[in-house]
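Q: What follows is a structure written as structure tokens; I'll ask about it next.
The values are calculated or read from the model by the stated rules, or taken from the named source; none is laboratory data. No experiment lies behind these values; they were computed from the predicted model shown. We place every Cβ from the backbone using ideal geometry, glycine too, and count neighbours over all the protein chains shown. To get the accessible areas, we keep the full protein, side chains included, count just its heavy atoms, and leave off ligands, DNA and RNA. Shrake-Rupley method; radii C 1.70, N 1.55, O 1.52, S 1.80 Å.
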Amino acid sequence: MGFTPVYHPDVKKCDLPNIPRNMRDRIKSAIEKRILVDPDLYGEPLRRGLRGYRKLRVGDYRVIYRVEGEFVVILKIGHRKEVYQTVIRRLPEK
């Protein structure tokens with residue numbers, strides 16, 4: 001079963017330009033070969049305020065996403081030291 005990626009608008013505008021080129025290629029490959037193939041198998045569930053979201057580790061970077069039917073909504077891509085603090089601002093309002 002293939003999934004369709006949906007990126008938060010800030011991922012391409014803010015996240016990716018700050019990541020080194022070689023890591024961007026690794027992250028893109030990981031998204032295509034892991035998340036879009038079987039997001040529940042490869043991603044680890046998050047807790048507390050990010051319950052319902054999952055993370056994929058690619059080196060020192062993390063991809064934060066959520067599975068919604070046949071779509072994988074990618075909320076944030078960032079370095080492990082800052083990704084969890086900054087992803088909170090992108091969460092949809094409840």
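Q: Hey, any idea what % of the chain's accessible area is carbon plus sulfur with a 1.4 Å probe?
A: Details: 3010 of 6210 Å².
For the chain, the apolar C and S fraction of the accessible surface comes to 48 percent.
Q: For every helix of n ≥ 4 consecutive DSSP H residues, a contribution of -39,500 (n - 2.57) applies; sum these over the chain, divide by its total residues, and give [θ] at 222 nm rounded to the nearest 500 deg cm²/dmol. Walk me through the intermediate numbers first.
A: Values: 3 runs with 19 residues, N = 94.
My calculation for the chain gives -4500 deg cm²/dmol from helical runs alone.
Q: So how strong a dipole does the chain carry about its Cα centre when Lys and Arg Cβ are +1 and Asp and Glu Cβ are -1, to the nearest 20 debye? It would help to have the intermediate numbers written out before the result.
A: Values: 22 positive and 12 negative charges, 80 e Å.
It comes to approximately 380 debye.
Q: How high is the FRET efficiency from Arg26 to Lys81, r the C-beta distance, R0 22 Å, rounded to 0.05?
A: Working: r = 18 Å, r/R0 = 0.81.
Rounded to the nearest 0.05, the efficiency is 0.80.
Q: Provide the per residue accessible area, probe 1.4 Å, for the stretch 28-86, rounded to a whole number of square angstrom.
A: On the way: 3450 Å² over 59 residues.
I get 59 Å² per residue for the stretch 28-86.
Q: Next up: Find the lysine pairs in the chain meeting two conditions, Cα atoms under 15 Å apart and a separation of 8 or more places or different chains, and report how many there are. List each step's numbers first, then the result.
A: On the way: Lys12/Lys28; Lys12/Lys76; Lys13/Lys76; Lys28/Lys55; Lys28/Lys76; Lys33/Lys55; Lys55/Lys76; Lys55/Lys81.
Step by step, the pairs that qualify in the chain add up to 8.
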